[in-house]
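Participant: One structure, as structure tokens, below. Some questions next.
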Amino acid sequence: DSIQNINGAISRSWPLGGERSVTFRAESINLGNHPQFAEPGTELANSNFGQITNTLNDGRSFRFLLRLGF
């Protein structure tokens, strides 16, 4: 199966007078925090045989940006 992430962003700008402005932006990667599991261990001699010990994607993360335009 493919990785099923929902990414989202929202932004807002405010004029400060003249050509100046402030922009705030919030972004989310993997908004639903949906894990994509890696393959289980395949080596019969290892203690993790048949166990899933990793994910293919990172967990939910957020980024925030504040930009001053002039």
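The values are calculated or read from the model by the stated rules, or taken from the named source; none is laboratory data. As the structure is a prediction and not an experimental result, all values here were calculated from the model. Cβ placement follows ideal geometry from the backbone for every residue including glycine, while neighbour counts extend to all protein chains displayed. Remember, those area values only see protein heavy atoms, side chains included, never the ligands or the DNA or RNA. Shrake-Rupley method; radii C 1.70, N 1.55, O 1.52, S 1.80 Å.
Participant: Answer with yes or no whether ASN5 is at positive phi and either polar (S, T, N, Q) or outside any loop (DSSP other than H, G, I, E, B) (or both).
Facilitator: Values: at positive phi: no; either polar (S, T, N, Q) or outside any loop (DSSP other than H, G, I, E, B) (or both): yes.
For ASN5, the condition - at positive phi and either polar (S, T, N, Q) or outside any loop (DSSP other than H, G, I, E, B) (or both) - is not met.
Participant: Here's a follow-up. State all residues of segment 55-70 that are loosely packed, with under 11 Cβ neighbours inside 10 Å, at pLDDT 85 or above and either of a type in the set (A, V, I, L, M) or not in a strand (DSSP E or B) (or both); if no residue qualifies, say none.
Facilitator: LEU66, LEU68, PHE70
Participant: Please count how many residues of segment 36-54 are open to solvent by 60 Å² or more (accessible area, probe 1.4 Å) and touching a strand residue (DSSP E or B) at 6+ places or on another chain (Cβ under 9 Å). Please lay out each step first, then the result.
Facilitator: Of segment 36-54, the ones open to solvent by 60 Å² or more (accessible area, probe 1.4 Å) are 37, 39, 42-47, 49, 51-54.
Retained after the next criterion (residues that are touching a strand residue (DSSP E or B) at 6+ places or on another chain (Cβ under 9 Å)): 37, 42-43, 47, 49, 51-54.
Of the residues in that region, 9 qualify.
Participant: Here's a check for you: in segment 21-54, which residue that is among the β-branched types (Val, Ile, Thr) and not in a loop (DSSP other than H, G, I, E, B) is nearest to ASN7 (Cα to Cα)?
Facilitator: Among those that are among the β-branched types (Val, Ile, Thr) and not in a loop (DSSP other than H, G, I, E, B), it is ILE29.
Participant: Taking segment 25-56, which residues are under 21 Å from the mean Cα position of the chain (by Cα) and among the β-branched types (Val, Ile, Thr)? Write out each step before concluding.
Facilitator: The initial filter retains those residues of segment 25-56 that are under 21 Å from the mean Cα position of the chain (by Cα), namely 25-38, 53-56.
ILE29, THR53, THR55 - these are the residues of segment 25-56 that are under 21 Å from the mean Cα position of the chain (by Cα) and among the β-branched types (Val, Ile, Thr).
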